[in-house]
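The values are calculated or read from the model by the stated rules, or taken from the named source; none is laboratory data. All values reported here derive from a predicted model rather than from experimental measurement. A quick note on method: Cβ atoms are made from the backbone with ideal geometry, for glycine too, and the neighbour counts reach across all protein chains shown. When the accessible area is computed, the model is the full protein with side chains, heavy atoms only, and any ligands, DNA or RNA have been set aside. Shrake-Rupley method; radii C 1.70, N 1.55, O 1.52, S 1.80 Å.
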Amino acid sequence: MGIKTARFLYIFIFLFSSVPLIAEAQQEQDTVPLVQLFRQLQKDYNIEFNYALDNVEDISVLLPEPGLSIDDILNNLRQETGLIFTVLSDNVILVKKPDEVVICGYVNDKDDLSPLAGATIQSESGSAVTDDNGFFRISVNSTNEEITVRHLGYKSIKRLALNFNLQDCSDVFMVPFFEELQEVVISNYIVPGVDKLNNGDFALNIPKYNILPGLIDADVLQSVQAFPGIMSVNETVSNINIRGGTHDQNLILWDGIKMYQSGHFFGLISMYNPQITNKVRITKNGTDASMTDGVSGSIAMMTNPEVNRKFKAEIGLNLIDFNVYFDVPVGRSSSFQIAARKAISDLIETPTYDRFFDRIEQDTEVAANEGSVVNSDKSFDFYDTSLRWLSRISDKDELRLNFILVANELKFDESAQVDQLTQSRTSSLDQNSIAGGLFYRRTWNEAWRTELEVFETDYKLKAINVNVLDSQRFLQENKVSETSAKISVIHNLNQNLNVTSGYHFVETEVTNLDDVDEPLYRFLVSEVVRTHAGFVQLDWTTNGGNTHLKLGSRYTFIDKFEKSLIEPRLSFSQRFLDFFTFELMGEMKHQNTSQVINFQNDFLGVEKRRWQLSNDDDIPILRSTQLSAGISFEHSGWLVDAAGYFKKVDGITSQSQGFQNQYEFSKTDGSYEVKGLDMLFRKQIDELSIWLSYSLMDNKYTFEELENEVFRSNYDITHSLSSGFSLKWNALQIAAGLNWHSGKPTTPPVEGQEIIGEEINYDSTNNADLEDYLRLDASAMYDFSLGGKSKAKIGLSVWNILDKENAINNFYRYNNESLTETIQRSLGITPNAVFRVFF
């Protein structure tokens, strides 16, 4: 054999023997751990694999060929691994060994079918906890093992493994220890996410909430004005009028904490961050016996009551503020929420900001000063922070902590020439709130539950008004500090009957300060009122839910006045003829705080109202009596709802009603009576909602010490109407609506005899109206994906599209032998836009 032949055979043998090694190396290069492949497939196909890690952690498989469907990939994995892959609903794929017995399912609330995260599933051989979707998976050694399902506040379920669906995942429905007897009787009352309950209350479910005209975020206090009988005579959230009452007569709660401040921008937007607000309950009558204050109505906001198991975040920007929200799991049984907003005016002044600022400074010292004084460097800023920590301490114990901080600051410089020198000083207005609360619930067994609520809330309004010409500083402060502790015992007699009883202690301190440095003057008044209350309430509903009765009473002792008050509460509803519901409600309530206006230029004239305590003398305790009856019809998307009511409130003061006529400086007390009718017509067609609401009101004052003893209320808006539509089409939401109401009552001077004796000669009180109010609004919102689990939405709204300059208030002044009328106008056309990202 020659040398060339030998060399050729050597190369041939070497290449032939290398083929298996190359193939083996290539095979190793194309394999991947099964767990890693699961993670990649979950991203690519938007699915979720559920498996026991010890069953798959040591398995490697070939990478799937590009372009294969998920079904083909699963078939290959079945052949390659010998494992069983079962495709369940909601894109969940269950992975198990051939001889393994796996129980899986979804745990839900029986009543509203919502998933229950954090439920514990226990077997003889292991345990599991449900995720955010209520899903669980647990392996058992035998189908005869007993499975126990537990969740705080729900009755435990014990069931043999063989009674679960072994071929698919079972739905497990848990019954609350104390079922909520307040059930939805009218869903999608105006738009999806707005419901009416069988106790007469209204509920806003913020996560399911469709947009309303003119709004791009679920501004709570703007949204409630969509209900008939609720409006604002000056289109602010700091002056909400429920059935003809004043804003201070509304009880506003945030997770059970009473708040004395409502808005940012001194009332143009709500100060309650909608990102952390989960539900809102609106009560116009038939209030729970456990609640005090709010002689006109109640607005109760609540955060999410469930522990979150996954990190969530939102970042948003609109033409007013920048906002963030985080929901962070802390271990397996608690979560922490934080939401914050900050005005962007220190970075950029948008057209929306300019509109808002012009509105709040209108006819105040901020807009124009006296004589040669020039205002400059005007600025406004606000921020808020809300915190909530929730912990499921055990299957029977729940603890919640809340904190909220809100701040508004308005500043401007006043400059003038004094002794041929330019003097400049700063005036400012600050409005702040800080509050914290604790809630603890213990479910002892299926029949007994106790709840403890404690909060401290503090409010402060502070103004520094400088007079450059006289080198004077005028300081004003209004502070409220309130401490509350309430314990409730709920006894479940049976599945249809609950009895709630408890004790409630409240201490309220109100401080008012007027301080002048030149000449020296200081007036400081601080008063405290303590109340002790006991309450009892019965909640009963029939098995079918057609009949519901809530009957209760509240006894209150006010120690400072040594006065006892007994206040019955009633709410009754009856469904009949399938589509009709009749309701009857009544209540008696009281409150010890109210807001008054001493002078129109107090607090720079921007926020003129200050809180004060009743003294049971010239400032009486506010006491209300209300009765209402209504009927509703709902069928095939049609809804007609009507309710007539009568309400009387005693103990109001003339200073609390905002008079700017002949009674502006009068100090007396009286009452008001209002009779009215609230109606709503709604038609829903798939994702389209069309509505028309109408309110009729007759609202009259009685002040025995005034010249006109009985006359129309300043809040007597005789006719009020709103209509609109909301449409959701795939990822797009649009809404548009029209708001109209008759003009606010006003008192003009007598024509031809306007001035007598250097004073304005007013006609009969509130015998005329301002021009009718009309506003057209629209909104649009679009949701889209950013890839993976991140989403985003972009929205646009326009408030007052027609740019109509509505008159919302007027007053007359006589100066320098001249009579002038000042008309305060509403917001003009005001656009807003939002961009929000969800992680």
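Here are some notes:
- Scanning the range 62-76 for residues that are outside any loop (DSSP other than H, G, I, E, B), open to solvent by less than 80 Å² (accessible area, probe 1.4 Å) and within 13 Å of Leu41 (Cα to Cα) yields a total of 4.
- The selection criterion, being assigned to a strand (DSSP E or B), under 30 Å from Glu821 (Cα atoms) and of a type in the set (S, T, N, Q), does not hold for Ser693.
- Residue in the range 595-610 that is surrounded by fewer than 21 Cβ atoms within 10 Å (Cβ to Cβ), free of Cβ contacts under 8 Å to residues at least 40 places away in the same chain, more than 29 Å from Asn210 (Cα to Cα) and not basic (Lys, Arg) present: yes
- Test: residue in the range 734-744 that is within 30 Å of Ala313 (Cβ to Cβ), open to solvent by less than 40 Å² (accessible area, probe 1.4 Å), in contact with a Phe, Trp or Tyr (Cβ under 8 Å, 6 or more places away or on another chain) and not polar (S, T, N, Q): yes
- Residue, least open to solvent (accessible area, probe 1.4 Å), within the range 32-52, restricted to residues that are farther than 18 Å from Asp71 by Cβ and part of a loop (DSSP other than H, G, I, E, B): Ala52
- With respect to (1) open to solvent by 10 Å² or more (accessible area, probe 1.4 Å); (2) farther than 24 Å from Pro305 by Cα; (3) touching a Ser or Thr at 6+ places or on another chain (Cβ under 7 Å), the lone exception for Gln79 is condition (3).
- Residue in the range 396-410 that is open to solvent by 20 Å² or more (accessible area, probe 1.4 Å), touching a residue at least 12 places away in the same chain (Cβ under 8 Å) and out of contact with any strand residue (DSSP E or B) (no Cβ under 8 Å at 6 or more places or on another chain) present: no
- Scanning the range 424-454 for residues that are basic (Lys, Arg) and within 13 Å of Ala485 (Cβ to Cβ) gives no hits.
- Subset of the range 447-476 that is assigned to a strand (DSSP E or B) and of a type in the set (Ser, Thr, Tyr) - its residue that is farthest from Asp517 (Cα to Cα): Thr450
- Positions within the range 278-292 being open to solvent by less than 20 Å² (accessible area, probe 1.4 Å) and farther than 30 Å from Leu317 by Cβ, in sequence order: Thr283, Lys284, Asn285, Gly286, Thr287, Ala289
- Evaluated against (1) open to solvent by less than 20 Å² (accessible area, probe 1.4 Å); (2) in a strand (DSSP E or B), Ile717 falls short on exactly one condition, (2).
- Single residue of the range 515-559 satisfying the filter (touching a Leu at 6+ places or on another chain (Cβ under 9 Å) and charged (D, E, K, R)) that is modelled with the lowest pLDDT: Asp517
- Verdict on Asp346 being surrounded by fewer than 18 Cβ atoms within 10 Å (Cβ to Cβ) and among the acidic types (Asp, Glu): yes
- Filtered by the rule that a residue be more than 26 Å from the chain's Cα centre (by Cα), of a type in the set (Gly, Ala, Ser) and at pLDDT 95 or above, the range 786-806 gives no residues.
- Number of residues in the range 77-92 that are closer than 18 Å to Val32 by Cβ, in contact with a strand residue (DSSP E or B) (Cβ under 7 Å, 6 or more places away or on another chain) and in a loop (DSSP other than H, G, I, E, B): the value is 1.
- Residues of the range 225-239 satisfying the condition of being in contact (Cβ under 8 Å) with a residue 24 or more places away in the chain and within 16 Å of Ile717 (Cβ to Cβ): Ala226, Phe227, Pro228, Gly229, Ile230, Met231, Val233, Asn234, Glu235, Thr236, Asn239
- All of Met585, Met679 fail the test of being out of contact with any Lys or Arg (no Cβ under 7 Å at 6 or more places or on another chain), in a strand (DSSP E or B), buried (at least 19 other Cβ atoms within 10 Å of the Cβ) and aliphatic (A, V, I, L, M), apart from Met585.
- Qualifying residue in the range 472-490 (condition: under 18 Å from Leu604 (Cα atoms), open to solvent by 30 Å² or more (accessible area, probe 1.4 Å), modelled with pLDDT of 95 or more and touching a Ser or Thr at 6+ places or on another chain (Cβ under 7 Å)): yes
- Scanning the range 516-557 for residues that are surrounded by 15 or more Cβ atoms within 10 Å (Cβ to Cβ) and in contact with a His (Cβ under 6 Å, 6 or more places away or on another chain) gives Ala533, Thr541.
- Count of the range 105-130 residues which are in contact with a Lys or Arg (Cβ under 8 Å, 6 or more places away or on another chain), more than 11 Å from Ile147 (Cβ to Cβ) and not β-branched (Val, Ile, Thr): 3
- Any chance Ser666 is polar (S, T, N, Q) and open to solvent by 10 Å² or more (accessible area, probe 1.4 Å): yes
- Residues within the range 759-814 that are open to solvent by 60 Å² or more (accessible area, probe 1.4 Å), among the basic types (Lys, Arg) and farther than 15 Å from Gly214 by Cα, tallied: 3
Rundown of residues vs (1) under 26 Å from Leu584 (Cα atoms); (2) in contact with a strand residue (DSSP E or B) (Cβ under 6 Å, 6 or more places away or on another chain); (3) of a type in the set (Val, Ile, Thr), yes/no style:
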residue: Lys608; (1), (2), (3): no, no, no
residue: His635; (1), (2), (3): yes, no, no
residue: Val640; (1), (2), (3): yes, yes, yes
residue: Phe646; (1), (2), (3): yes, yes, no
residue: Gly670; (1), (2), (3): no, yes, no
residue: Leu677; (1), (2), (3): yes, yes, no
residue: Arg682; (1), (2), (3): yes, yes, no
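- Within the range 252-277, the set of residues being open to solvent by 10 Å² or more (accessible area, probe 1.4 Å) and either on the phi > 0 side of the Ramachandran plot or outside any loop (DSSP other than H, G, I, E, B) (or both) comprises Leu253, Asp255, Gly256, Lys258, Phe266, Ile269.
- Across the range 361-387, the number of residues qualifying as open to solvent by less than 20 Å² (accessible area, probe 1.4 Å), in contact with a Leu (Cβ under 7 Å, 6 or more places away or on another chain) and closer than 21 Å to His264 by Cβ comes to 4.
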